[in-house]
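Since the structure comes first, as structure tokens, the remarks are kept for the end.
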Amino acid sequence: MIANPKSGRGKVAARLPEIERILRSEGLDYRTVQTTQPGHATEVARAALKAGERYLVAVGGDGTVHEVVNGMLEGDQPIVADAVLGVVPAGSGCDFVKSFGLPGDAIRAARHLSGGDVRRTDVGKVTFGAGPAQVTRYFLNIAEVGLGGSVVARASRLTGWPGPARYFTGFWLTLPGFRPATVRLEADGQEFYGRAHNVVVANGRYYGGGMHISPRSVPEDGVLDVLVMVGPKSEAFTLLPKVYRGTHLPHRHIVELRGGRVRVEADAPLAIEADGEILGTAPATFEVIRTPILVKV
């Protein structure tokens, strides 16, 4: 188990003893590593796999899952082909598990770790930056370019808030000053060019504390679902009730594209986020890694 004890304002640290008790009662051998700094979960995951371990459990929120996944791949290939990822959502928010119908609380999720049922899931790759400074990160769930990236960046500075409230507050603080940009987007030969305030690149279906943003996404179909928000930025708020229900599509102000490779450029440095982690700014290329990883379901 790779656990971020600070996730969820200390919720992970508080729940670890109960999670470990459940694992013992299920007859599961385990060891626990508590992370100490950003990027530590990636290092731990990579070292564990290279040392012969095959079942990694991310204990925390989407950020912990993101780091563990980045430790499971190297050069666009799994470090170990049959390695399994388990998730115990115990942090400030874990939207990834919702696409798989997995338990959303730590205790039920811990009991769910026994058994052999797994599901293959695609991995997204985002590459951003220029020249030798170019950076690659992997993501399982959803990435954004634009307003969503700026909201995540703002929300990350709101310490002491629970996950959904932090995202919602970050949204309200970001929206008034955000400026749309002219975006050029290409997805497997499909093109978009025009003003937009947000681009969603989805492998999974949920983000932002339960928003059903990409209801058509299937995490193992080999493509990314792209939503380009082209209406007035205020519409990002008026659409929220429908987004939570997943009933906002089709919409005249949302351009829908699909592709295994998506290139996004903009005439302004729009922020990029993936799995709730702020990464950098556009331009960026998103791709599907067609060697799936196994998720415990």
* Asked: Which residue, of Arg24, Arg46, Arg31, is part of a loop (DSSP other than H, G, I, E, B), at pLDDT 95 or above, more than 25 Å from Pro164 (Cα to Cα) and not assigned by TED's automatic domain parsing to the domain that holds Ala165?
  -> Arg31
* Which residue out of Ala181, Ala106 is surrounded by 15 or more Cβ atoms within 10 Å (Cβ to Cβ) and in the same structural domain as Gly27 (by TED's automatic domain parsing)? -> Ala106
* So Val12 fits all but one of (1) free of Cβ contacts under 8 Å to residues at least 60 places away in the same chain; (2) crowded, with 23+ Cβ neighbours inside 10 Å; what number is the exception? -> (1)
* Structure fact -> In region 58-88, residues that are surrounded by fewer than 24 Cβ atoms within 10 Å (Cβ to Cβ) and of a type in the set (Val, Ile, Thr) total 3
* Asked: Among (1) in contact (Cβ under 8 Å) with a residue 24 or more places away in the chain; (2) farther than 28 Å from Ala133 by Cβ, which single condition is His197 missing?
  -> (2)
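Return the total of residues in region 81-112 being part of a loop (DSSP other than H, G, I, E, B) and modelled with pLDDT of 95 or more.
First pass over region 81-112, keeping only residues part of a loop (DSSP other than H, G, I, E, B): 81-83, 90-95, 101-105, 112.
Imposing the further condition that a residue be modelled with pLDDT of 95 or more reduces the set to 83.
Going through region 81-112 one residue at a time, the tally reaches 1.
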* Asked: Do we find a residue being among the charged types (D, E, K, R) and within 17 Å of the chain's Cα centre (by Cα) anywhere in region 33-53?
  -> no
* Inside region 116-169, can you point out the residues that are touching a strand residue (DSSP E or B) at 6+ places or on another chain (Cβ under 8 Å) and of a type in the set (Gly, Ala, Ser)? -> Gly124, Gly129, Ala143, Gly146, Gly148, Gly149, Ser150, Ala153, Ser156
* To do: Mind telling me which of the residues Tyr244, Tyr207 ends up being under 28 Å from Arg120 (Cα atoms), surrounded by 18 or more Cβ atoms within 10 Å (Cβ to Cβ) and modelled with pLDDT under 95?
  => Tyr207
* To do: Might you let me know whether region 270-289 holds any residue that is within 23 Å of Gly129 (Cβ to Cβ), among the aromatic types (Phe, Trp, Tyr) and either modelled with pLDDT of 95 or more or part of a loop (DSSP other than H, G, I, E, B) (or both)?
  => yes
* Asked: Going by the conditions given, is Gly91 crowded, with 22+ Cβ neighbours inside 10 Å and without any contact (Cβ under 8 Å) to a residue 40 or more places away in the chain?
  -> no
* Asked: Pick from Pro164, Pro132: which is over 19 Å from the mean Cα position of the chain (by Cα) and assigned to a helix (DSSP H, G or I)?
  -> Pro132
* Among the residues of region 226-240, write down those that are touching a His at 6+ places or on another chain (Cβ under 7 Å), farther than 11 Å from Asn198 by Cα and assigned to a loop (DSSP other than H, G, I, E, B). => Leu239
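The values are calculated or read from the model by the stated rules, or taken from the named source; none is laboratory data. Only a predicted model underlies this, so the values are computations on that prediction, with no experimental measurement involved. Glycine gets a Cβ as well: all are built from the backbone with ideal geometry, and neighbour counts include every protein chain shown.
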